[in-house]
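Have a look at the structure below before the remarks.
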Amino acid sequence: MSVTQAVGLAESLERLGTETAFSVPARAKQLEAAGRDVIHLEIGEPDFRTPRHICDAAYEAMLAGQTGYCPAAGIPVFRAAAAEYLGESRGVEIDPENVLVANGAKLFLFFTILAACNPGDEVVYPDPGFPIYESAIRWAGAVPVPLPLLEERDFAFDLDELAARLGPRTRLVILNSPQNPTGGALDAAELAEAARLILQTPAWVLSDEVYSRMVYEGEFASIASVPGLLERTVVLDGLSKTYAMTGWRCGFAAVPTPLVEPLVRFFVNATSCVPPFVQLAGVAALRGSQEEPRAMVEEFRARRDLVVEGLNALPGISCRQPGGAFYAFPNVSGVPLPAEELASRLLEEAGVALLAGTAFGAVGGENLRLSYANSRENLDRALQRIGEFIARL
């Protein structure tokens, strides 16, 4: 008997999922170590450097001694900057006391569910969606209630289906726009109708808006802008995507007053605080020049157009045009392989690393997800390799 078998492990681990986006690169690196060339389209991470003025702000803060503990809720100057940013971009007034800071956005997912839900309570979440939604729901002992995102509606949900999933045990509704993995973006009218339905329930809302600055057509819309919703919505954003700061691990959210103290208690127990020099870099990000983030979005727009056109030119593949984020979610039902096998073989035989749609929920069973956070040259090469592989089938 092994030590692990002898001492045993917590049963709750059976309910805790993971992200395929972190396991595929491990296999890709094995192939690269063996001399293979792999084009990476699996990771949701901007391929740009953090802007220099943000790095400079962190360095100056470290030299000034901002390297110790700080308040678990966040330092006042960053909470104020985030409140300004969230309020101006969502058209609402947000008190800095309602803004909390965490080591990345994921903690808000886990801790909001833990603070809002008892075992057996229901949580509505998008399918396909960020896999940590379902993982966190199950681990907390709540009941996941998937809400299908419909490809024929550019990955919006049907309001009748939302209404059918809301009930007396619904304690939380998770929304995500622009979306991971589909790139879909919900418009203001859709969110207003969703708000009308949610307001008839006792549910909290967690609106995952970490891609809010990456909208290619029209204006970004937040459900928190609908009258009556800000008071029950966790408006989640962060520095990772907009400012190419994934490794800095700094997320922030506007949080309804009843949830502020419980979430801070979780932070105290789990992480203590986000380093103050990181938060001061965040102030420089939110209040400094926005030229580089805007240029990054324009480059992503050009890559999106290249990828969508290229995918739609391939036999057996169709791809909706993403409205935001930096993902494409092509339908591969016309290719004579299941999506999971296709993704695996594209990595092993063609050197293209991407993800099967099933990594994000059952509704993505006929899709692949690829991130176009890579150079146009590499995207062209990947499309060529995918086309050559399909031609050989």
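Rolling a 1.4 Å probe over the protein heavy atoms gives the stretch 175-267 an accessible area of 32 Å² per residue. What the stretch 15-65 shows is 61 Å² of accessible area per residue, with the surface traced by a 1.4 Å probe over protein heavy atoms. When nucleic acids and ligands are ignored and a 1.4 Å probe is applied, residue 147 ends up with an accessible area of around 10 Å².
As an exercise, use a Förster radius of 45 Å and the Cβ-Cβ distance of residue 164 and residue 77 to find the FRET efficiency, rounded to the nearest 0.05.
0.50
For the stretch 1-94, the square roots of the Cα gyration tensor eigenvalues, ordered a ≥ b ≥ c, give a/c of at least 1.5 with a/b greater than b/c, which places it in the prolate category. Length available on full extension from residue 333 to residue 187: 0.36 nm per residue minus the Cα-Cα distance, which gives 49.8 nm. Counted by Cβ distance under 15 Å from residue 393, the other residues give a net charge of -1, where Lys and Arg count +1 and Asp and Glu count -1.
Sort the stretch 116-204 into rounded, prolate or oblate with this rule: let a ≥ b ≥ c be the square roots of the eigenvalues of the Cα gyration tensor; rounded if a/c is under 1.5, and if a/c is not under 1.5, prolate when a/b is larger than b/c, oblate otherwise. It is oblate, given that a/c is not under 1.5 and a/b is not larger than b/c. Rolling a 1.4 angstrom probe over the stretch 177-223 with all protein chains present gives an accessible area of which 52% lies on carbon and sulfur atoms. Taking the Cα atoms only, what angle lies between the long axis of helix 257-270 and the longest principal axis of the chain, rounded to 10 degrees? In the chain, helix 257-270 runs at an angle near 70 degrees to the longest axis.
For the pair the stretch 197-243 / the stretch 46-120, the C-alpha centres are spaced 16 Å from each other. Helix 276-287 and the longest principal axis of the C-alpha atoms of the chain enclose an angle of approximately 80°. For the stretch 1-101, the relative contact order is 16 percent, taking Cα pairs closer than 8 Å that sit 6 or more residues apart in sequence and dividing their mean separation by the residue count.
Of 61, 82, 281, the residue with the greatest mean-square motion in the GNM of the chain, using alpha carbon springs below 10 Å, is 61.
Computed over the chain with a Gaussian network model linking Cα atoms closer than 10 Å, the most mobile of 115, 192, 295 is 295. To the nearest 10, the accessible area of residue 139 is 90 Å² with a 1.4 Å probe.
For the full complex of protein chains and a 1.4 angstrom probe, list 241, 106 by accessible area with the highest value first.
Working: 241 35, 106 70 Å².
Of 241, 106, the descending order of accessible area is 106, 241.
Between the Cα long axis of helix 106-116 and the first principal axis of the chain there is an angle of about 60°, rounded to the nearest 10. With contacts taken as Cα pairs under 8 Å at a separation of at least 6 residues, the chain carries a relative contact order of 23 percent. Only helices enter the 222 nm calculation for the chain: every DSSP H run of n ≥ 4 contributes -39,500 (n - 2.57), and dividing by all residues gives -12500 deg cm²/dmol, rounded to 500.
Here the stretch 1-152 has 54 percent of its accessible surface on carbon and sulfur atoms, given a 1.4 Å probe and all protein chains in place. Near residue 176, the amide H atoms lying under 5 Å from its own belong to 208; only residues 5 or more places off or on other chains count, and H is placed 1.01 Å from N. Give the shape of the stretch 198-326 as rounded, prolate or oblate, defined through the alpha-carbon gyration tensor: a ≥ b ≥ c are the square roots of its eigenvalues, a/c under 1.5 means rounded, and otherwise the shape is prolate if a/b is larger than b/c and oblate if not. It is oblate, given that a/c is not under 1.5 and a/b is not larger than b/c.
The values are calculated or read from the model by the stated rules, or taken from the named source; none is laboratory data. Just so it is clear, the model here is predicted, and its values are computed rather than measured. So basically every Cβ, Gly included, is an ideal-geometry build from the backbone, and we count neighbours across all protein chains shown. Remember, those area values only see protein heavy atoms, side chains included, never the ligands or the DNA or RNA. Shrake-Rupley method; radii C 1.70, N 1.55, O 1.52, S 1.80 Å.
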